[in-house]
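Just below is one structure, and these are the notes that go with it.
The values are calculated or read from the model by the stated rules, or taken from the named source; none is laboratory data. Bear in mind that the values here come from a model prediction, so they are computed numbers and not experimental data. Here Cβ is always computed from backbone atoms with ideal geometry, including for glycine, and neighbour counts include all displayed protein chains. Keep in mind that these areas ignore ligands, DNA and RNA; they rest on the heavy atoms of the full protein, side chains included. Shrake-Rupley method; radii C 1.70, N 1.55, O 1.52, S 1.80 Å.
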Amino acid sequence: MQCGMNLQREGDSWQVLPRDFPTNNGGMCRKGWTSATLLEHPERLTKPLLREKNTDDFRAVSWEEALDFVANRWRQIQSAKGRDRVGIFGSGALTNEKAYALGKFARVALATSNIDYNGRFCMASGAAGGNRAFGVDRGLPFPMSDIARADAVFLFGSNVAETMPPIVQWFEKLRENGGKLLVSDPRATPTVQNADFHLQVTPGSDIALALGMLFVAIEEDLLDREFIQSRTEGFERVAKTAMNYWPARVEKLTGIDEIQLRETTRLLARGNSMFLTARGTEQHANGSDTVSAIINLALALGKVGKPLNGYGCLTGQGNGQGWREHGQKADQLPGYRKIDYPADRAYIAKIWGIEERDLPQKGRSGYEMLDAIGAPDGICSLWVVGSNLAVSTPRAGHIQNRLRELELLVVSDFFLSETAQLAHVVFPTAQWAEEEGTMTNLEGRVIKRNRAKTPPEGVLTDAQTMHELAKRLGCGEKFPTQPRDLFDELRLATQGATADYSGVSYEKVERENGVFWPCNAEKSPDGTPRMFLEKFAHPSGRARFFDVDFWGLPEEPDADFPFYFTTGRVMGHYQSGTQTRRVTELQAATPEVFVEIHPDAARELNIENGARVRVSSRRGEAIGAAKITEEIRADTLFMPFHWGGKSCANLLTIPALDPTSKMPEFKVCAAKIERLETIETVAETII
């Protein structure tokens, strides 16, 4: 969301104060209110760390020693084994300026094709579905305030009440205005408890639900045929597939009966309707197809490309939108330019002052790059900037072992995360309040984050670190350290591209409380808050239906592993917990990992509330405290993924990849649960 806030110094600490900003109107969640705690945290890294050879111990070193060590090792590896043997893994937490610079660093300073980022594990399937249908990916193609003015909003796989609490105000206003909120989720989450309709689907079955709803829309003649004819293409083939999803079949696949299926479809067909997806729907091996099925339904009902209607992807990271626009994905260049399009390559090569032939081609996607470590053509060195792969990747135990095989692992972070503990070199870096820069939120609103304080002595920004490394690699002049200089270069690099920032400036962003891209000085000088009202981004100007089918899950429950296992977030923590587990108030609110289990299942397995349990899959096991609740399906287990060590939920998850987005199957695998006979410590310290 990028909630607006003010920071104020009070004595030896910083305090968060409310700010009247369009996204959050002064409201924040507990993570926002406590965020300044980390600025003065005693565990903050302030010096580069170098691992002692053949030990688990680090020693603090000078920046000169750390930078020289890394640059020399990179040169040695690339000289002996090839340029693509060094890779970079980035983060959706970085500013647009640093995102742009890191993508450029990979392709210019290292000349490697291997760069990807943690958005591959987050919004990639939503992006793929949006690109297929509309020719462009922007999380919400309308301001989030429009949500309050719709007649109905359908949330697929999203628990915004815990994961993005300030956005709930818009859903509350929706209901106050007489609109209806519908939620598809295997759990009766806090979001569900404030909704008008709950479709408690079998995990991973949203694609069948959307196809079944399209069947009903066709059978009951709820289609917007004029919209389909005038503004879309490809409906006939999609309609033919949908006719295989009659209500009785959909009930077997999803658990949703015919009455609820028909009632929901009729409601969405009336008035202004919005369809919003999030990780519960997208983090699947068929996530792109699921998003396409939902968009197909929205298009068929004529609920896209009109005011107060539309499809949107609820971006899940601080700069998850901006980061996927400016060259961090293995197949992209800045502004959503494509790395395998000759015209895009030529344009960016000219901006960067290199020959087009020297610009690398497409590299491996995130999980594929990590999984290939140790292979004859896999990376030998990895620079991780702002990600905690040891906790956040699927089949996490396997990836931890892969990281240990690297000849050189470099991590930039401000705390010693589980991934940093495996590194050979750790670079300390500035936090969010210690440098200026822009972010792009889920609406496509470019905002400016001002610097409130200077970094601690001895800490560099990521841009400064890139400059120093590039200088040692012979191209330091190509990497400015000042955010404004980087942003001006980004503006030029995106000019004429899909995500056009060329008309954006720091001054305009601050004056207008953010500017929506595309923003071009000539075509759209004031930005574009609402997209698709006249045409879509495909050359024809029409939206495209994309034919999809439901082929089942990569792994179904069986006699050995009888439960669906799914993961998610809780209100008090965020992502891998590297930051939030260090905030006393947040850690006290949710001090340890838990496993949700239905009372019927718990009774059958003799598991009591609070009992220590072990959850296992074919890939690993994790330990937690049983939380018995009727808010989950009897065939499903839920575990949040914010902890590492023995409590890491991703030790169980399966790395089956979506063929289009390369998103791993985070949300469903087969598992079993058992009570531990001996007490084992669940609450992991951060090691």
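A few remarks follow.
- Temperature 25 °C, viscosity 0.890 mPa s: under these conditions the Stokes-Einstein estimate for the range 285-387, based on its Kirkwood radius over C-alpha pairs, is 145 µm² per second.
- S79 versus T584: modelled label distance in nm, points set 7 Å from Cα along the beta carbon direction: 5.2 nm
- Annotation: lysines with alpha-carbon distance below 28 angstrom to K478 (same-chain offsets under eight excluded): K47, K81, K98, K104, K329, K338, K350, K362, K448, K453, K508.
- A straight Cα-to-Cα reach below 18 Å connects K53 with the aspartates and glutamates E65, D68, E405, E407, residues fewer than 8 places away in its own chain not being considered.
- Heavy atoms of D560 accessible to a 1.4 Å probe, total area in Å² rounded to 10: 100 Å²
- Spherically averaged projected area of the range 575-643 from its Cα convex hull (nm²): 5.2 nm²
- The per residue volume of the convex hull around the alpha-carbon atoms of the range 416-557 is 237 Å³.
- Surface share of carbon and sulfur [accessible, 1.4 angstrom probe, percent] for the range 320-441: 47 percent
- Accessible area (Å², 1.4 Å probe, nearest 10) - S158: 10 Å²
- For the chain, alpha-carbon Rg relative to the globular expectation (2.2 N^0.38 Å, N residues): 0.92
- The range 398-499 - Debye-derived log10 I(q)/I(0), Cα point model, q = 0.13 Å⁻¹: -0.66
- K329, K47, ranked by accessible area, largest first (probe 1.4 Å): K47, K329
- Ratio Rg/Rh [Cα only; Rh per Kirkwood] for the range 191-278: 0.97
- Calculated FRET value between D549 and E52, using beta carbons and R₀ = 51 Å, to 0.05: 0.40
- The range 81-183 shape via C-alpha gyration tensor axes, a/c threshold 1.5: prolate
- Percentage relative contact order, the chain, counting C-alpha pairs under 8 Å, at least six apart: 18 percent
- Expressed as a whole percent, the proportion of Cα-Cα pairs in the range 519-561 lying more than 12 Å apart is 77%.
- Under 25 Å from the Cα of K646 - lysines, other chains or at least 8 residues apart: K31, K627, K667, K672
- With the helix formula -39500 (n - 2.57) applied to DSSP H stretches of n ≥ 4, the chain reaches a computed 222 nm mean residue ellipticity of -8000 deg cm²/dmol.
- Residue-normalised accessible area of the chain, given per residue in Å² at a 1.4 Å probe: 36 Å²
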